[in-house]
Amino acid sequence: MADTNKKHRIVFDVRRQPGFSSVAIGCFILLYLPIILLVIYSFNAGNSLSVWQGFSLKWYAVAWENEAVQAATFRSLIIAACASAVSTAAAVMAALATTRAGPFKGDALVVAMINQPLMIPEVVTAVAVLLFFAMIKAAIGYTGLWYLIIAHSAFCIPFAYMPIRARLQGMDLSLEQAGADLYGTPGRVFRYVTLPLLWPGILAGSMLAFVISLDNVVTTEFVKSAGQDTLPTYMLGQIRRATTPELNAISTALLAISVVLVIAFYFLSTKSTIKQGEDK
């Protein structure tokens, strides 16, 4: 009787549903065809964004020699690196507090507040930090890059928090408890047990925060002062003035940076997983 039930049991497999292949192919086309066209037309020899006029590296050379692009790129990298470091450090502390402190009253509210930038429109956050920084500027007169770094850090915290918290929730607590039973102080347990196991999550969070900061337009556009264009806001300004394949070349370079970060994270996390398996 049991064997008969097993034979007649219906196993749901989405891949066998009618039209699955067509929907999947259509999604892939919509996702990747515009990116492929962007990369192809970044090598266009002409001035048109949509008419192919031969292969050339001209626009990469133009972007490389453009002093405004150089300054905006350097500024974007500085802001993204600082925001990634600050937001990842804050995310690690927040993740430890929400996963290792045990259940407490209002824990769901705390998690919701940490993820607040993900739940409301970015323009609302941008206007809020604009008003806050405007009062500080009026009081002290400072107009440097730290406003952008702080704004990007606050916006990137939930993006770094999610993979770090997920990693902590999936870790075996018995290892940390064993360290504590062996008279390890909380600091030593964190340094020698928690941190090595948490490292892949920290890498994922920091890289995600870096890419999000590098790509940010709305918050940057509201907070930046004169002469503080990042690469995305520079590109936005160029679209308003004159659009050339130089923008395709810059976008392709940003895409390449993102791909390199993803590949680096994959190899680092794989290496860490293999090392942990060998240690066990």
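Coordinate-derived values only; no laboratory data. All values derive from a computational prediction rather than experimental measurement. Every residue, glycine as well, gets a Cβ built from its backbone with ideal geometry; the counts of neighbours run over all protein chains shown.
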Kirkwood-Stokes translational diffusion coefficient of the range 67-279, alpha-carbon pairs, 4 °C, 1.567 mPa s, µm²/s: 68
Most exposed first, judged by fewest Cβ atoms within 10 angstrom, LEU198, LEU57, LEU148 run LEU57, LEU198, LEU148
Report the chymotrypsin sites (Phe, Trp or Tyr not before Pro) located in the range 90-134 that are in a DSSP loop and have at most 14 other Cβ atoms inside 10 Å of their Cβ, or state none. PHE104
The range 12-72: which chymotrypsin sites (Phe, Trp or Tyr not before Pro) are DSSP loop and have at most 13 other beta-carbon atoms within 10 angstrom? PHE12, TRP52
For each of SER225, SER174, SER76, count neighbouring Cβ atoms within 10 Å of the residue's Cβ, then give the residues from fewest to most. SER174, SER225, SER76
